[in-house]
1. Could you list all residues from segment 51-76 that are in contact with a Phe, Trp or Tyr (Cβ under 7 Å, 6 or more places away or on another chain) and over 12 Å from VAL40 (Cα atoms)?
2. Six or more apart or on different chains, Cβ atoms under 8 Å: show the pairs whose first residue is in segment 2-20 and surrounded by 16 or more Cβ atoms within 10 Å (Cβ to Cβ) and at pLDDT 95 or above and whose second is part of a strand (DSSP E or B) and of a type in the set (Phe, Trp, Tyr).
3. Could you list all residues from segment 87-135 that are within 15 Å of VAL38 (Cα to Cα) and hydroxyl-bearing (Ser, Thr, Tyr)?
4. Would you check which residues across segment 45-80 are touching a His at 6+ places or on another chain (Cβ under 7 Å) and of a type in the set (S, T, N, Q) and list them?
5. Checking GLU37 against (1) touching a residue at least 12 places away in the same chain (Cβ under 8 Å); (2) farther than 18 Å from VAL8 by Cβ, only one condition comes out false. Which one?
6. Go through segment 67-85 and give me each residue that's outside any loop (DSSP other than H, G, I, E, B), touching a strand residue (DSSP E or B) at 6+ places or on another chain (Cβ under 8 Å) and more than 15 Å from ALA125 (Cβ to Cβ).
7. Of everything in segment 87-135 that's assigned to a strand (DSSP E or B) and of a type in the set (D, E, K, R), which residue is farthest from ALA15 (Cα to Cα)?
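The values are calculated or read from the model by the stated rules, or taken from the named source; none is laboratory data. All of these numbers come straight from a predicted model, not from anything done at the bench. Here the Cβ is made from the backbone with ideal geometry for all residues, glycine too, and neighbour counts use every protein chain on show.
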Amino acid sequence: MLPEITLVKSFSFEAAHCLEGYPGNCARLHGHTYRLEVAVKGKVQENDMVLDFDELKALVKENVIDKVDHYYLNEIFPFRPTCERLLWYFWQALTKALSKYPHVELEKLILWETPNSAAVLTRAAVEACKAAHEG
């Protein structure tokens, strides 16, 4: 019997945005080569995999990448498209899409806006937030 294993897959996409009301350069229209790291955790199945990497790739591409790649993010989201807000949107989309794999949970997302600046969202942070709002 194997322990739960975490799989990580990395994706990139190009997008533009501006942070309206921000007191700096990011208030102007600019673009990024974003990198999204997706970590899922689960039990190894009879096929000796948690989830086929090709299935994970297709799921992330359909539910996230195809919706943001080469878009002006301000035109497609009802919120200011900061890394933090994008991460939460991606988390919700991927959690819903992963529901067809009951043995797999989204564990962590890392969104790199530049090669040295990223935001991280973890399952523990999401669960703590839910618990705080329920209690």
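1. Here is the first cut: in segment 51-76, the residues in contact with a Phe, Trp or Tyr (Cβ under 7 Å, 6 or more places away or on another chain) are 51, 60, 64-65, 68-69.
Passing the criteria: VAL64, ILE65, VAL68, ASP69.
2. If the second residue must be part of a strand (DSSP E or B) and of a type in the set (Phe, Trp, Tyr), the pairs left are PHE13/TYR34; ALA15/TYR34; ALA15/TYR71; ALA15/TYR72; HIS17/TYR72.
3. Answer for segment 87-135, where residues must be within 15 Å of VAL38 (Cα to Cα) and hydroxyl-bearing (Ser, Thr, Tyr): TYR89, THR95, THR122.
4. Once the filter is applied, which keeps residues that are touching a His at 6+ places or on another chain (Cβ under 7 Å) and of a type in the set (S, T, N, Q), segment 45-80 yields GLN45, ASN74.
5. (2)
6. Within segment 67-85, VAL68, TYR71, TYR72, LEU73, ASN74 qualify.
7. Among them, the one singled out is GLU105.
Residue-by-condition table, conditions (1) farther than 20 Å from ALA118 by Cβ; (2) at pLDDT below 95; (3) within 12 Å of the chain's Cα centre (by Cα):
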{"position": "GLY24", "(1), (2), (3)": "no, yes, no"}
{"position": "HIS32", "(1), (2), (3)": "no, no, no"}
{"position": "MET49", "(1), (2), (3)": "yes, no, no"}
{"position": "GLU55", "(1), (2), (3)": "yes, no, no"}
{"position": "LYS61", "(1), (2), (3)": "yes, no, yes"}
